[in-house]
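The values are calculated or read from the model by the stated rules, or taken from the named source; none is laboratory data. Please read all numbers here as calculations on a predicted model, not as lab measurements. All Cβ positions, glycine included, derive from the backbone under ideal geometry; neighbour counts span all protein chains shown. Protein only, heavy atoms only, side chains kept; ligands, DNA and RNA dropped before computing areas. Shrake-Rupley method; radii C 1.70, N 1.55, O 1.52, S 1.80 Å.
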There are 2 protein chains.
Amino acid sequence: MKQYALLVLLTGLLSTTSQGQQALTREPPLVSPEIHDNHSVTFRLKAPTATTATMSGNWMRSEGFARPSATMQKGADGIWSYTTDVLSPEFYTYSFTVDGLRAIDPNNAHVIRDVANVSNALLIDGEFANLYKVNDVPHGSVSRRWYNSPGNTKRRRITIYTPSGYEMGKETYPVLYLMHGIGGDEEAWMGLGRASQILDNLIAQGKAKPMIVVMTNGNVSQDAAPGEGSDGYTKPSFMLPQTMDGKFEETFGDILTFVDNNYRTRKTKAGRAIAGLSMGGYHTAYISQNYPNTFDYMGLFSPALNNKPEDHPQSLAYQKLDLKLKKQMDNGYKLYWVAVGRDDVPILLAGIGDFRKKMDTIGMTYEFKETDGGHTWPNWRKYLTEFAQKIF
Amino acid sequence: MKQYALLVLLTGLLSTTSQGQQALTREPPLVSPEIHDNHSVTFRLKAPTATTATMSGNWMRSEGFARPSATMQKGADGIWSYTTDVLSPEFYTYSFTVDGLRAIDPNNAHVIRDVANVSNALLIDGEFANLYKVNDVPHGSVSRRWYNSPGNTKRRRITIYTPSGYEMGKETYPVLYLMHGIGGDEEAWMGLGRASQILDNLIAQGKAKPMIVVMTNGNVSQDAAPGEGSDGYTKPSFMLPQTMDGKFEETFGDILTFVDNNYRTRKTKAGRAIAGLSMGGYHTAYISQNYPNTFDYMGLFSPALNNKPEDHPQSLAYQKLDLKLKKQMDNGYKLYWVAVGRDDVPILLAGIGDFRKKMDTIGMTYEFKETDGGHTWPNWRKYLTEFAQKIF
């Protein structure tokens, strides 16, 4: 009776949803991706009448401007497949292209948005990538909240991680302010960045101090991530106005006020760190110069310092920057950490070189770390992992 | 100089990510969906070598077991398109099928997962659908937290909405416990359900009382939604074990304890409501019977009462149900609300009919609302909208 009732219920439900009906009439679903014991991966896709199918994954190396891709092989059953070499541990993204149409894997429901593109997610575990998984450890909480930003005359969305135990305790916590790159938003570090998993795991292992992590939205012309704010379901834009014109730096005080008023924070310089990737590294540099004696730890991950704040002479935040940098040095701090991949694009490497020269000239102390790889999320996850262990 | 620096930066970034490179080399992106002033919508898709393309959207009516779809027309430029009739206000989902391959719209980054399928999102505003938008009103906070469930010997994830003003105030709030259907999880009401937008807007309009909304995961064999828990990126399952065997009802006390210990709740019957869709309606019925004098408001949205708890004689929660129902009646409550669409599947309508007869026989009071439509999210969003205005 139980089986019958469930079956009839299921059949009924399936007949009323388009997704369900598809499930009812199709053959047993393909397994894709299939992660083999040796960590090679087979991808499969049914497209019987297609004439070409390729796939693209971020384990593939780009050569020049050609988009890296691999050709899939068509079987007699109309199923295309491709098997990778052994993949090293990492959180990967991939997509298919079938007769020129970019498509996600219909057998993998795990997707992630990067600016205006949706890709599938795939985790190969082991080594450092185990930090990106949900392990059996105490978990922090992740809240999406809205703060009032008088400086931008709007409510704005913000993502806040509080470590396990925060809610039931009484102690105060240090705060890491963590910022995204161009085209990102307050969701970026939670999605591709794996920030809550990395922090949960490092804290559980005793390798990072319990801390609050505040993930901001640096595009002050929007109130929230695409689909989460007043812009509704408009197309996400890679280059929004007002991302690097000084307005975010000028109104960062609204965020500091909100966080210190709403959380049990250590309201001291020693209790605050600030870091960001690419554009967020640029923001880190100039926010930390403009809020003197506010942060003891700066983390610039592949920072986009080739941008020139001097190009925005109207910005209060971008005036007298040399003086502000000197002041930051004289005030003192515990860590100024700059990391970049040696395969990053030349203009960014040059911008970082110029900034280092400026710091060297005035005798400002910083740690510089050059790693493998380029301007990629695999590097930024590793930089967060390392930086989080160095602070507080 | 500014423009040059940005352009070079952009070019550099694009060359290092596969998504970016695609953006660099492709033509101007198509606009899809394009919502016209009269609320008809044009969808476009570039697939020059494809021989068939159809699309499926949940505004289309299903006829029997055929999956509703519309044929797209191919233009000389290789772009397929389809324009709908005028669509009434609603939050819609859709997908394409190109030469037999199910695909999302590559020009619409807004996607939503329903069990194991990913579809695109589309909002036509106006009327009740304005409640599904992020409007310029004070917003509540949404937290993903983990509670300890000793009854299931694991940590489990839970989604909690607190209304605007909660964090800065001192007053206590009533709590609505809100449950998903088969194949859903603690994300369902936030995604397809639009719960935080509906509550934000109703509260701002003074139509619903400020309340906490607790969105549970009723699949006790898993710790969290697919991709968010220890199962990692395994394929989401429509029918998990232990969803309707009594274990969720038996361990619901772990959730009540967590919420009352962690939030400023009204710890009285008058301060608690419980509701759910489909399987969540079934859970609502049996949780409210098993926790006597705990809830003053019950909401059963298209409840799957054709399932028979009697089929699980080992479950403590499912013993002496007739006595428990009589007790629930005798204890009294303020609202027992059952809603269903008249086009729902016959077996569900029959199960609801049987349950009503049982309530009628013992003289138990309830409100019954029959609406248009079937077993669908458009109905469940409307039921939440109506129920939220009736409670507290």
Next item on the list: For the range B:383-391, just list the computed ³J(HN,Hα) in residue order, Karplus coefficients 6.51, -1.76 and 1.60, θ = phi - 60°, integers in Hz, with x standing in for Gly and Pro.
Entry: 5, 4, 4, 6, 4, 4, 7, 9, 10
Note to self: Can you compute 3J(HN,Hα) from phi for each residue in the range A:208-225, using the Karplus curve 6.51 cos²θ - 1.76 cosθ + 1.60 with θ = phi - 60°, rounded to whole Hz and x for Gly and Pro?
What the structure shows: 10, 6, x, 8, 8, 10, 10, 9, 8, 10, x, 9, 6, 7, 10, 8, 6, 4
Note to self: Show me the trypsin sites (Lys or Arg not before Pro) within the range B:315-374 that DSSP assigns to loop and that have at most 13 other Cβ atoms within 10 Å of their Cβ.
What the structure shows: B:K320, B:R342
Note to self: With +1 assigned to the C-beta of every Lys and Arg and -1 to the C-beta of every Asp and Glu, and no other charges, what is the dipole magnitude of the protein assembly as shown about the Cα centre in debye, to the nearest 20?
What the structure shows: 1640
Check: Between B:P309, B:P29, B:P138, which gets the highest mean-square fluctuation from a Gaussian network model of chain B, Cα cutoff 10 Å?
Finding: B:P29
Next item on the list: Determine the equivalent ellipsoid of the protein assembly as shown by diagonalising the alpha-carbon gyration tensor, then write out the semi-axes as square roots of 5 times the eigenvalues, largest first, rounded to whole Å.
Entry: 44, 33, 24
Item checked: Relative contact order computed over chain B (Cα-Cα under 8 Å; 6+ residues apart), in percent -> 11
Next item on the list: Give me the distance between the Cα centres of the range B:193-212 and the range B:214-237, rounded to whole Å.
Entry: 26
Notebook entry, point to check: What part of the accessible area of the range A:132-390, given as a whole %, is carbon or sulfur when the probe is 1.4 angstrom?
Noted result: 51
Notebook entry, point to check: How far, in degrees from 0 to 90, does helix A:2-16 lean away from the longest principal axis of the Cα atoms of chain A, to the nearest 10?
Noted result: 70
Item checked: Environment charge at A:L321 (Cβ cut-off 11 Å; Lys +1, Arg +1, Asp -1, Glu -1) -> +3
Notebook entry, point to check: Does anyone have the angle between helix B:321-331 and the longest principal axis of chain B? Alpha-carbon axes, 0 to 90°, nearest 10?
Noted result: 80
Notebook entry, point to check: Relative to the longest principal axis of chain A, what angle (0 to 90°, nearest 10) does the C-alpha long axis of helix A:346-362 take?
Noted result: 20
Next item on the list: For every helix of n ≥ 4 consecutive DSSP H residues, a contribution of -39,500 (n - 2.57) applies; sum these over chain B, divide by its total residues, and give [θ] at 222 nm rounded to the nearest 500 deg cm²/dmol.
Entry: -7500 deg cm²/dmol
Note to self: Run the label-point distances for B:E386 please: 7 Å along Cα to Cβ, every other copy, nanometres, shortest first.
What the structure shows: 5.9
Check: What nm distances, shortest first, do you get from the label point of B:G165 to those in the other copies when the point sits 7 angstrom along Cα to Cβ?
Finding: 3.5
Item checked: Solvent-accessible heavy-atom area per residue, rounded to whole Å², over the protein assembly as shown at 1.4 Å -> 38
Next item on the list: Between the label point of A:S221 and that of the same position in each other copy, find the distances and list them shortest first in nm, with every label point placed 7 Å from Cα along the Cα-to-C-beta direction.
Entry: 5.0
Margin query: Which of A:L316, A:L335, A:L202 ends up with the largest GNM mean-square fluctuation for chain A, with Cα atoms connected below 10 Å?
Written below: A:L316
Checklist line | Area of B:M168 that stays accessible when all protein chains are in place (1.4 Å probe, Å², to 10) | finding: 130
Check: Within a Cβ distance under 12 Å of A:D344, other residues only, what is the Lys/Arg minus Asp/Glu net charge?
Finding: -2
Next item on the list: Using Cα centres only, tell me the gap between the range A:150-190 and the range A:240-262 in whole Å.
Entry: 12
Note to self: Going by Cα centres, the range A:66-103 and the range B:313-392 are how many Å apart?
What the structure shows: 48
Notebook entry, point to check: Name the residues of the range A:207-247 whose accessible area falls by at least 30 Å² when all protein chains are present instead of the chain alone, probe 1.4 Å?
Noted result: A:Y233, A:K235, A:F238, A:M239
Notebook entry, point to check: Percent relative contact order of the range B:145-189, based on C-alpha pairs within less than 8 angstrom and at least six residues apart?
Noted result: 27
Note to self: Which one, B:A103, B:M215, A:W377, is farthest towards the positive end of the dipole of the protein assembly as shown when Lys and Arg carry +1 and Asp and Glu -1 on their Cβ?
What the structure shows: B:M215
Next item on the list: Anything over 32 Å Cα to Cα? Flag those among A:K324/B:K133; A:K267/B:K170; A:K308/A:K369, in the order listed.
Entry: A:K324/B:K133
Note to self: Restricting to bridges with both residues inside chain A, how much of the DSSP beta-bridge set is antiparallel, in percent to the nearest 5?
What the structure shows: 60
